[in-house]
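No value in this document is a laboratory result; all are computed from the given coordinates. What you are looking at is a predicted structure, and each value in this text was computed from that prediction instead of being measured. We place every Cβ from the backbone using ideal geometry, glycine too, and count neighbours over all the protein chains shown.
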Amino acid sequence: MNKSIIALAIVAALPVAAQADATISGSVSVAVVAGGATTTTEALSISSTEVLANGMTATASMNVLAAAGSGVASLAGDFGTLTAGTIADDGAYEAGDVAGLYAVHTASGAVVDGVHYAGSVADFSVAVQTSAASTQMSATYDLNGLSLGYATNTAGSTSIAGASYSFGDLSVTVGKSSGASKAVGSATYAMTVDAIALSATASSDTSNSISATYSLDGITLVAKAARDSGGANSNSLTATYTSGDLTLSANDSNTVSATLDLGNADLKVERKASTTTMTYKVSF
């Protein structure tokens, strides 16, 4: 699917109130590794948004320097939002995952070329998308803290159903995917006391986690402990200090960095795995 042609065709076929102005943005980043190579990364994009004569909003954007091109066009109004071009590869499927069973894949950020639609009527929402990879549909219903969701994906003939309910500091979820033998339920309790925020999650699949965040006078400490359904434990500790334009951070994986905000430019020095890297990035 030629994303550039799709974007131009959608925008050109619509009645516009006036010619839209294009916005050009980008960045150039140079990374120097101590005793190693120097790499340069460039990004350049063109985008435009226009309110049409019929009250709808048309948006188009394109990543000029992408190897295969990366463009998207969308039309938004009372009917919802229709998007064509670069879309999240499982966006419609994940929209129906109110129990969070698909969270691992959500973080991948993978994209495909396709068409996506999302719309809502009162407390009912739907999402549909199609691409060369799959066709997906989902529906969710939200009312007074209760959310119900269902989604299906032709890739692998998978489906997922779930529910979540929040009251005060406590949230509970239950869900089941078509490939699982039984449903999974979880409960999360979160609270904040002065400068300390605490969160704890327990699940019926034996996974659990607890985290504590302390923030005061530019200092932020985050401690996390977790165990997955396979019994593997993972712990982490991160410390961050911000003063004006300078941010210092360190973690228990022996990664230390200092970042200086220079307005439209950033200078960062990072020490990780016995390697020191200095990166200078200019954005416009």
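Between 208, 144, 63, the GNM of the chain built on Cα springs shorter than 10 angstrom shows 144 fluctuating the most. Classify the chain: rounded, prolate or oblate, from the alpha-carbon gyration tensor (a ≥ b ≥ c, eigenvalue square roots; a/c under 1.5 rounded; otherwise prolate if a/b is larger than b/c)? It comes out oblate by the Cα gyration axes.
With a simple spin-label model that places each label point 7 Å from the Cα along the Cα-to-Cβ direction, the separation between residue 262 and residue 215 comes to 2.8 nm.
Each Cα pair under 8 Å and six or more residues apart adds its sequence gap; the mean of these over the residue count of the chain is a relative contact order of 12 percent.
Which net charge results when you count Lys and Arg as +1 and Asp and Glu as -1 among the other residues whose beta-carbon is under 14 Å from that of residue 280? Let's see the in-between values first.
Details: positive: 268, 281; negative: 42, 261, 266, 270.
So the surrounding residues net to -2.
Across segment 186-235, Cα pairs under 8 Å and at least six residues apart give a relative contact order of 26 percent. Per-residue packing, averaged as other Cβ atoms within 10 Å, sorts the ranges 53-62, 111-120, 87-96 into the order 87-96, 111-120, 53-62, beginning with the highest.
Placing a pseudo-label 7 Å from each Cα along the Cα-to-Cβ vector at residue 238 and residue 23 gives an inter-label distance of 2.7 nm. If r is the Cβ-Cβ distance from residue 78 to residue 47 and R0 is 30 Å, what FRET efficiency results, to the nearest 0.05? The computed FRET efficiency comes out at 0.80. Given the C-alpha centroids of segment 17-96 and segment 237-284, what is the distance between them in whole angstrom? Measuring centre to centre over Cα atoms gives 27 Å.
Using DSSP, restrict attention to beta bridges with both residues in segment 186-235 and report what percent are antiparallel, rounded to the nearest 5. Walk me through the numbers before you get to the answer.
Values: 27 of 27 bridges.
Percentage antiparallel, nearest 5: 100.
Choose one of 248, 166, 124: the residue whose Cα lies farthest towards the positive end of the charge dipole of the chain (beta-carbon charges +1 Lys, Arg; -1 Asp, Glu; about the Cα centre). Positive-most Cα among the choices belongs to 248.
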